[in-house]
Amino acid sequence: MLEGETASKPKPRNDEEFHISELNDVVHQRARLALLVVLREIQQADFSYLKTRLKLTDGNLGQHIEILRHHGYVTIRKGHEGQRARTWVKITRAGERALASEIKTLRSLLDI
């Protein structure tokens, strides 16, 4: 602290204003949050695009996609493009709602 400055106390908040319990642990994790944000932008993406965009390893990305799939936030479609096997991931309506709720909760936590 600089000379002459005084420490300001944080504004007290009551439990009704502080909504940390509303954070969705599935969505809130950094890689899954980023994954849902990317998918919200483009609706569907293939595994290699997501891996490059999010800078995740195959195994790490695969685990996060599986967790989101398990909770109904994304769907997975496997197929081929020419000779190459591809996996496409698509955000679901439940995923869009979960992401919107997470963003709303984060905004309320930041609104002081």
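The values are calculated or read from the model by the stated rules, or taken from the named source; none is laboratory data. The shown structure was predicted, so the numbers you read here are calculated from the model rather than taken from an experiment. Cβ coordinates were reconstructed from backbone atoms using ideal geometry, including for glycine residues, and neighbour counts include every protein chain displayed.
Quick notes on this structure:
- Residues that are more than 18 Å from Ile76 (Cβ to Cβ), free of Cβ contacts under 8 Å to residues at least 12 places away in the same chain and acidic (Asp, Glu), drawn from region 18-58: Asp25, Glu41
- Out of Thr92, Thr105, one residue alone is buried (at least 16 other Cβ atoms within 10 Å of the Cβ), in contact (Cβ under 8 Å) with a residue 60 or more places away in the chain and either within 18 Å of Arg32 (Cα to Cα) or not polar (S, T, N, Q) (or both). It is Thr105.
- Taking the criterion of being of a type in the set (D, E, K, R) and at pLDDT 95 or above, the residues of region 74-112 that qualify are Arg77, Lys90, Arg93, Glu96, Arg97.
- Flag: His71 does not match the condition of being at negative phi and at pLDDT below 95.
- Residues that are under 20 Å from Asp58 (Cα atoms), modelled with pLDDT under 95 and surrounded by 14 or more Cβ atoms within 10 Å (Cβ to Cβ), drawn from region 17-32: Val26, Val27, Gln29
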